[in-house]
Amino acid sequence: MLQTTQRAPMAIDRPSSHASRAMPLQTRLIQSLLIDPAQHPRGRAYLSAASGLVRVRQRLFVVADDELHLGVFDDRATAEVTNTPEVPAVGTLIRLLEGDLPKDTGKRKKAKPDFESLVQLPPLPGCPAGALLALGSGSRPNRETGVLIALDVQGVPNGRMAIVDLGAVYAPLRKRFVDLNIEGALAVSGELLLLQRGNKGQAPNACVRFDWNLLAPWLAGVHSEPPAAKGVQVMDLGSVAGVPLGFTDGAALHGGAWAFTAVAENTDDSYLDGACVASVVGTVGADGTLQQLHRLDGAPKVEGVAVLAEGSDWVVTLVTDPDDPATAAQLLQARLPG
């Protein structure tokens with residue numbers, strides 16, 4: 001049985017809240033997510049709709065919610081930390097699913113697998129060096145596909161992939177959340193966390209926890225049924241101008257703590273887009289307590305986050321989803337107090 005706990009809300013609107021007293025977090029543009037147009041199925045020189053981000057050594061892996069490919073880019077955060085010159089990099093694409101999506105925006109939205117999350121997994125059967133897992137959001141029946149991408153010892157995809165039907169994982173969650181929308185995933189302290197994104201409707205934010213040692217054999221195809229979630233924590237992130245903040249991604253920190261991104265998107269539906277009123281980066285302690293919440297200047301719609309320790313602080317790398325296929329997603333960077 002899923003266990004649900006409720007944390008006290010932390011609303012940015014209220015001047016008495018810790019969040020409202022926090023200083024805005026400055027971001028700097030590293031570059032647009034450029035790619036070789038010869039690789040892009042529509043001949044574009046950029047990746048748009050970036051929705052999940054993972055750092056593996058000196059590479060950044062990005063999934064986009066309206067593509068069938070994984071983007072691979074040089075890690076600009078590492079360049080900044082080591083004081084090496086920044087050179088705009090052109091990424092490459094790795095195909096995750098066969099076929100092509102419709103060019104028409106409306107038809108594309110209906111047909112897309114909606115890869116909203118990307119997570120680096122520990123070693124599991126068949127993937128001794130670990131793997132990446134791209135997850136569909138589950139917001140529609142055709143958005144329950146995952147793709148497991150095996151890595152070699154250098155953290156590079158080794159060419160082995162497997163399609164994972166996430167329906168059995170999402171079915172119990174769909175009973176709990178009328179408007180299911182998994183937008184983030186991270187592995188931390190022996191658990192796999194899925195982040196349910198809330199909106200202005202009846203959908204709350206939540207962190208769904210799975211025991212990794214029980215989930216790994218199912219992902220690897222050793223077990224036929226996935227384990228039940230060990231717990232669900234409903235989390236109120238607050239609101240901005242009456243629009244609730246909703247999870248968009250997460251990344252592990254030290255000792256079981258984790259960081260997250262969230263946006264206040266003016267919509268009451270997981271399918272329909274809305275104006276981005278505000279965006280934040282926050283942290284959650286190992287006990288599930290909301291610790292920090294920093295509002296990002298300019299309200300970029302950040303949908304992917306990766307973190308890198310530097311002294312007592314964290315270098316936070318972000319990717320954006322401009323909600324416009326004619327606009328390139330951006331790679332941003334900020335410094336989060338430790």
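Bear in mind these aren't lab numbers, they're just calculated from the coordinates by the rules spelled out. As the structure is a computational prediction, the values presented were derived from the model and not from experiment. Cβ: placed from backbone, ideal geometry, glycine included. Neighbour counts: every protein chain shown.
Some points to look at:
- Option label - semi-axes √(5λ) of the Cα gyration tensor in Å computed here, alternatives [x] 34, 23, 18; [y] 45, 31, 21; [z] 26, 24, 21: [z]
- Order by protection proxy (mean Cβ within 10 Å, highest first), peptides 220-227, 298-305: 298-305, 220-227
- Debye, to nearest 20: dipole size of the chain, +1 on Lys, Arg Cβ, -1 on Asp, Glu Cβ: 280 debye
- Candidate lysines for bridging to Lys103, where Cα separation is under 29 Å - those fewer than 8 sequence places away on the same chain excluded: Lys112, Lys301
- Across region 323-335, coupling constants 3J(HN,Hα) worked out from phi with the 6.51/-1.76/1.60 Karplus curve, θ = phi - 60°, read 6, 8, x, 8, 10, 6, 5, 10, 9, 10, 9, 8, 10 Hz, and Gly and Pro carry x.
- Computed over the chain, relative contact order equals 20 percent, with contacts defined as Cα pairs under 8 Å that lie 6+ residues apart.
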